[in-house]
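Contents: one structure, followed by commentary.
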Amino acid sequence: LQNDSWGKQYSYALFKAMSHMLCIGYGQQAPEGMTDVWLTMLSMIVGATCYAMFIGHATALIQSLDSSRRQYQEKYKQVEQYMSFHKLPGDTRQRIHEYYEHRYQGKMFDEENILGELSEPLKEEIINFNCRNLVANMPLFANADPNFVTAMLTKLRFEVFQPGDFIIREGTVGKKMYFIQHGVVSILTKGNKETKLSDGSYFGEICLLTRGRRTASVRADTYCRLYSLAVDNFNEVLEEYPMMRRAFETVAMDRLDRIGEE
């Protein structure tokens, strides 16, 4: 190539450079002539582009197969960076890790946005299905008006508590009541007497009815999967179903009597 033209020299130089960079072979015989060189470079570019597009589409397909898990992993990476930035102690980091594992179970959805886009009948059907175990285990819901059950379930918020967490502290202003889907809690009164509640029970309704302060503390003994109901939603639902208010009041008065005896 020493005595060839400038264009031919640089064409072969470009061909050799592309052969090394793209790592694509051109067969057993090297191209001869300028036409062969440029056609070979064009075919290498097309081949590399198709290969890159194939890898990109394959990667996107694999990621889309479990987008909720990928979203969870991305979210937890932010949590890890947050814990590292604030230099949280090791035991706190472990509790946060266990909370995320039990709360989201490796998958994360924007449930409020998903349900908000659905029609009311579909939304109610999904909520009733998701809370079917809670309804089946709770005597209060078993014999209640189905419309009341649906109205109550649509206003519940799912929460998770770890063993040793105080869900309610005595003397605080009550803003929520809780329904136990799964787990065991202890009701702690002034006399240090513990009362256990498990699946299908509820607590925290006393101060919502009396508009007073908490009369006892409630501690999670196991990992507890609960549904909470805010005071405004509680009153809104019971205004439409006064008979159910009486049922709550009966249980609340019974619990107050037992606390007074202790």
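The values are calculated or read from the model by the stated rules, or taken from the named source; none is laboratory data. Because the structure is predicted, anything quoted here is derived from the model rather than measured. For neighbour counting, all protein chains shown are included, and Cβ atoms are generated from backbone atoms with ideal geometry for every residue, glycine included. We work out accessible area using only protein heavy atoms, side chains counted, and drop any ligands, DNA or RNA first. Shrake-Rupley method; radii C 1.70, N 1.55, O 1.52, S 1.80 Å.
The residue that is nearest to Glu236 (Cα to Cα), counting only those in the range 151-165 that are open to solvent by less than 30 Å² (accessible area, probe 1.4 Å) and assigned to a loop (DSSP other than H, G, I, E, B), is Leu156. Apart from one condition, Met108 fits all of (1) touching a Phe, Trp or Tyr at 6+ places or on another chain (Cβ under 8 Å); (2) within 30 Å of Gln9 (Cβ to Cβ); the exception is (2). Residue pairs whose Cβ atoms lie under 7 Å apart, sitting 6 or more positions apart in sequence or on different chains, and linking a residue in the range 124-152 that is assigned by the TED database to the domain that holds Leu226 and at pLDDT 85 or above to a partner that is surrounded by 13 or more Cβ atoms within 10 Å (Cβ to Cβ) and of a type in the set (D, E, K, R), are Thr150/Glu124. Within the set Gln94, Gln105, Gln71, the sole residue that is within 26 Å of Leu226 (Cα to Cα), open to solvent by 70 Å² or more (accessible area, probe 1.4 Å) and touching a residue at least 12 places away in the same chain (Cβ under 8 Å) turns out to be Gln71.
Pick from Thr49, Thr35: which is loosely packed, with under 10 Cβ neighbours inside 10 Å and β-branched (Val, Ile, Thr)?
Exactly one of Thr49, Thr35 is loosely packed, with under 10 Cβ neighbours inside 10 Å and β-branched (Val, Ile, Thr), namely Thr35.
Suppose the filter is among the acidic types (Asp, Glu), out of contact with any Asp or Glu (no Cβ under 8 Å at 6 or more places or on another chain) and farther than 30 Å from Thr150 by Cα; does Asp36 pass it? Yes; evaluated as a whole, the condition is true for this residue.
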